[in-house]
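Here is the structure we will look at, set down as structure tokens.
The values are calculated or read from the model by the stated rules, or taken from the named source; none is laboratory data. The model shown is predicted, which means the values in this text are computed figures rather than measured ones. Positions of Cβ are generated from backbone atoms using ideal geometry, with glycine treated the same way; all protein chains shown enter the neighbour counts. What goes into the accessible areas is simple: the full protein's heavy atoms, side chains included, and nothing from ligands, DNA or RNA. Shrake-Rupley method; radii C 1.70, N 1.55, O 1.52, S 1.80 Å.
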Amino acid sequence: MPIDPTLPYDDQNIFAKILRGEIPCNTVFEDDLALAFHDINPQAPTHVLVIPKGAYVSWDDFSANASDAEIAGFVRAVGHVARALGLVEPGYRLLANIGMDSHQEVPHLHVHIFGGKPLGPMLMR
Ligand code: AMP
């Protein structure tokens, strides 16, 4: 079910549980501000999610309310992970779903990194 991104942060969401270590994930990268792990239902040969460690519902919430350090750390983490996965030369796609029309399902900001094959058109036609 898509989530309403205007609701307050729900600390029972699945990525909050991953951040607290209550459920496992397949970690790719972690530092003080961000965690990256493989998507449980990959849509491409490489499909990694990068999340900030702070409690932000969506890109909208994060871009409005996160500190400059959190934003810089998160953006750099996304770039670092893509480089570490060897995706720069072949190319990759970033995607962040925000709210109902996008079908955001997990109410904790996440950027999808897709790569490992030609990814086709940007949106389904
Ligand atoms: P979105 O539709 O942008 O909210 O994407 C949520 C993503 O989270 C989907 O691609 C799911 O496959 C992924 N996902 C859900 N639960 C987990 C989990 N426990 N570990 C890794 N990925 C997950």
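Some observations on this one:
- Flag if PHE15 is among the aromatic types (Phe, Trp, Tyr), open to solvent by less than 70 Å² (accessible area, probe 1.4 Å), in a helix (DSSP H, G or I) and within 11 Å of the ligand (Cβ to nearest atom): yes
- Subset of the range 60-77 (residues that are out of contact with any Gly (no Cβ under 7 Å at 6 or more places or on another chain), closer than 20 Å to ASN13 by Cβ and open to solvent by less than 50 Å² (accessible area, probe 1.4 Å)): ASP61, PHE62, PHE74, ALA77
- ILE98 being exposed (fewer than 15 other Cβ atoms within 10 Å of the Cβ), in a loop (DSSP other than H, G, I, E, B) and either within 11 Å of the ligand (Cβ to nearest atom) or within 12 Å of the chain's Cα centre (by Cα) (or both): no
- Residue list for the range 47-59, restricted to those being out of contact with any helix residue (DSSP H, G or I) (no Cβ under 9 Å at 6 or more places or on another chain) and surrounded by fewer than 22 Cβ atoms within 10 Å (Cβ to Cβ): HIS47, TRP59
- Note on the range 101-115: residues that are within 11 Å of the ligand (Cβ to nearest atom) and outside any strand (DSSP E or B) amount to 9.
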